[in-house]
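The values are calculated or read from the model by the stated rules, or taken from the named source; none is laboratory data. All values derive from a computational prediction rather than experimental measurement. Don't worry about glycine lacking a Cβ; one is built from the backbone with ideal geometry, like all the others, and counts go over all protein chains shown.
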Amino acid sequence: MTYQSRIAELGQTISENGAPWGAIDAASAARMAVQNRFPTGLDIARYTAKIMREDMEAYDADPANYTQSLGCWHGFIAQQKMISIKKHFGSTKRRYLYLSGWMVAALRSEFGPLPDQSMHEKTSVPALIEELYTFLRQADARELGGMFRELDEAKAKGDAVNTHRLLKEIDEHETHVVPIIADIDAGFGNAEATYLLAKKMIEAGACALQIENQVSDEKQCGHQDGKVTVPHEEFHQKIRAIRYAFLELGVPDGIIVARTDSLGAGLTKSIAYSKEPGDLGDQYNSFLDCDEVDAADIKNGQVFISRDGKLLAPKRLPSNLYQFRPGTGEDRCVLDCITALEAGADLLWIETEKPHVEQIAGMVDRVREVIPNAKLVYNNSPSFNWTLNFRQQIFDKWEAEGKDVSGYDRTKLMSIDYDGTELAAEADEKIRTFQADAAKRAGIFHHLITLPTYHTAALSTDNLAKEYFGEQAMLGYVKNVQREEIRQGIACVKHQNMAGSDIGDDHKEYFAGEAALKAGGKDNTMNQFAAA
């Protein structure tokens, strides 16, 4: 529906309600409706799920169409990210948001900073999703409000060309609202708990939920030690619970991202139920590290399984956990991925210990032998030392090719002394093309950085504190922050406008007419940035 047709429709509604509605202006009401395209989180989830489905089809047609996101821990961060993307690239196409459970735990828990172990309040996750979309919807309202101001000026001047242009731009306005992949950890409990939390997250606007195959009450960050996985059937129950939540809420296009932590997880809490040799439970148990048992030498408290007619005792730790055989991580990942897709997941996530295209591709190739269109979401994690990893990869490649590497110490390649070298330049180029290379070679549909703004906030704050509390004093802020905001056209230099002051003024005028007490008059200091 166009802006003009909304005015006509609302004008009819106002007219039908007679004198009591006589002071309501149809154009003003139409503007408010256009500025609030998504009244509920479910409207957002349905809209963004379709976008992701279309993007997945586009990727299947051409891996160059991979998608990206940055993790956000506050609505303002999400808002500024999408404003920046529209400013620099003109479109939000194939750019998403990521909500990291790690950042919720570290930055949004009432307990204070926590490790990524599912100890934070589960309700903080849907609350953050709602916050992110509140800020993105406000970005829409702010941008459209500026367009309406321009439209009023064009009409006042009798400028038909600009009036026509602006009406077209308003009708074709691209929203800042984009898909979010939201981390539900290991479901914060059993399958019912997973279903209940999934509903809250979807109602807040999430179209894609990422769930991992760890034990919920033993959950660890994917880049920490001590990870414990669950048998496949237990994980699949949670996948089905999420699908039921999507269907119940009328979001059939909702996306489930099944994450396997098996590559770095050497432990399990449960021995899988098995009915017959070769079934899924038996396959899970086949990876257990076991000792053959002499029936005459059974120890107190031992647990046994039978395999190939032999009595075996899985190695049980004092923690009551069982360990897998070393070197089985990749095989377990491949089995996890295939069975998760067969159980109804849409995308995969393989948590790795380093960013290595061929390592990822080796597993994906095996998955695609069974499910040809298998696709991954991949964590371009700040837990990786990207510089060191890729310099070592280039070092190893050169060494294998017979190239002279005697001028380099492989263990010290992170050193600043190597920054200007040929090896460093080649490594940086491989980092630059990593996402495109991995999308093409390793089936990665979506690349994300989980914690980028956690690190950028720390870095920029350190730089400001060093200058402001040092000899530069106020110049440390003005030169390195405000002046750069102005020079680079950062919209929030006008922070009153960004916080919604002008939107509020518009509403005051709608509600009170000439009696409106507006904040944006001549004495508003934001006018000092008019030229900026």
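A few remarks follow.
- Apart from one condition, VAL251 fits all of (1) within 25 Å of VAL367 (Cβ to Cβ); (2) touching a Lys or Arg at 6+ places or on another chain (Cβ under 7 Å); (3) touching a residue at least 60 places away in the same chain (Cβ under 8 Å); the exception is (1).
- Of the residues making up region 166-207, those that are closer than 19 Å to ARG142 by Cα and among the charged types (D, E, K, R) are LYS168, GLU169, ASP171, GLU172, GLU174.
- Helices (runs of 4 or more DSSP H) fully within region 105-224 counting 1 or more residues that are within 30 Å of THR339 (Cα to Cα) and basic (Lys, Arg): 191-204
Conditions (1) free of Cβ contacts under 8 Å to residues at least 60 places away in the same chain; (2) part of a helix (DSSP H, G or I); (3) outside the structural domain of ASP365 (by TED's automatic domain parsing), marked per residue:
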{"position": "LYS299", "(1), (2), (3)": "yes, no, yes"}
{"position": "VAL303", "(1), (2), (3)": "yes, no, yes"}
{"position": "SER306", "(1), (2), (3)": "yes, no, yes"}
{"position": "ALA313", "(1), (2), (3)": "yes, no, yes"}
{"position": "PRO318", "(1), (2), (3)": "yes, no, yes"}
{"position": "VAL334", "(1), (2), (3)": "yes, yes, no"}
{"position": "CYS337", "(1), (2), (3)": "no, yes, no"}
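- Residue list for region 350-393, filter: in contact (Cβ under 8 Å) with a residue 12 or more places away in the chain, within 18 Å of ARG441 (Cα to Cα) and assigned to a helix (DSSP H, G or I): VAL357, GLU358, ILE360, ALA361, GLY362, MET363, VAL364, ARG366, VAL367, ARG368, PHE390, GLN393
- When ALA204 is tested against the conditions (1) in contact with a Pro (Cβ under 9 Å, 6 or more places away or on another chain); (2) farther than 15 Å from LYS122 by Cβ, the lone failure is (2).
Residues are listed down the side, and each one gets a yes or a no for (1) without any contact (Cβ under 8 Å) to a residue 40 or more places away in the chain; (2) surrounded by 13 or more Cβ atoms within 10 Å (Cβ to Cβ):
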{"site": "HIS446", "(1), (2)": "no, yes"}
{"site": "THR450", "(1), (2)": "no, yes"}
{"site": "GLY476", "(1), (2)": "yes, yes"}
{"site": "GLY489", "(1), (2)": "no, no"}
{"site": "ASN497", "(1), (2)": "no, yes"}
{"site": "ILE503", "(1), (2)": "no, yes"}
{"site": "ASP506", "(1), (2)": "no, yes"}
{"site": "MET526", "(1), (2)": "yes, yes"}
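Results for (1) free of Cβ contacts under 8 Å to residues at least 40 places away in the same chain; (2) in contact with a Lys or Arg (Cβ under 8 Å, 6 or more places away or on another chain); (3) more than 30 Å from GLY443 (Cβ to Cβ), shown as yes or no for each residue.
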site	(1), (2), (3)
GLU54	yes, no, no
MET119	yes, no, yes
GLU131	no, no, yes
MET147	yes, no, yes
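- Number of positions in region 439-457 that are under 13 Å from ILE77 (Cβ atoms) and either of a type in the set (A, V, I, L, M) or more than 17 Å from the chain's Cα centre (by Cα) (or both): 3
- Residues in region 84-117 that are among the charged types (D, E, K, R), touching a residue at least 40 places away in the same chain (Cβ under 8 Å) and touching an Asp or Glu at 6+ places or on another chain (Cβ under 9 Å): 2 in all.
- Scope region 451-485; condition among the charged types (D, E, K, R) and more than 30 Å from TYR378 (Cβ to Cβ); matching residues: LYS466, GLU467, GLU471, LYS479, ARG483, GLU484, GLU485
- Condition check for LEU263: surrounded by fewer than 15 Cβ atoms within 10 Å (Cβ to Cβ) and in the same structural domain as SER383 (by TED's automatic domain parsing): no
- Subset of region 336-359 (residues that are of a type in the set (A, V, I, L, M, F, W, C) and either within 25 Å of VAL303 (Cα to Cα) or surrounded by fewer than 22 Cβ atoms within 10 Å (Cβ to Cβ) (or both)): ILE338, LEU341, ALA343, VAL357
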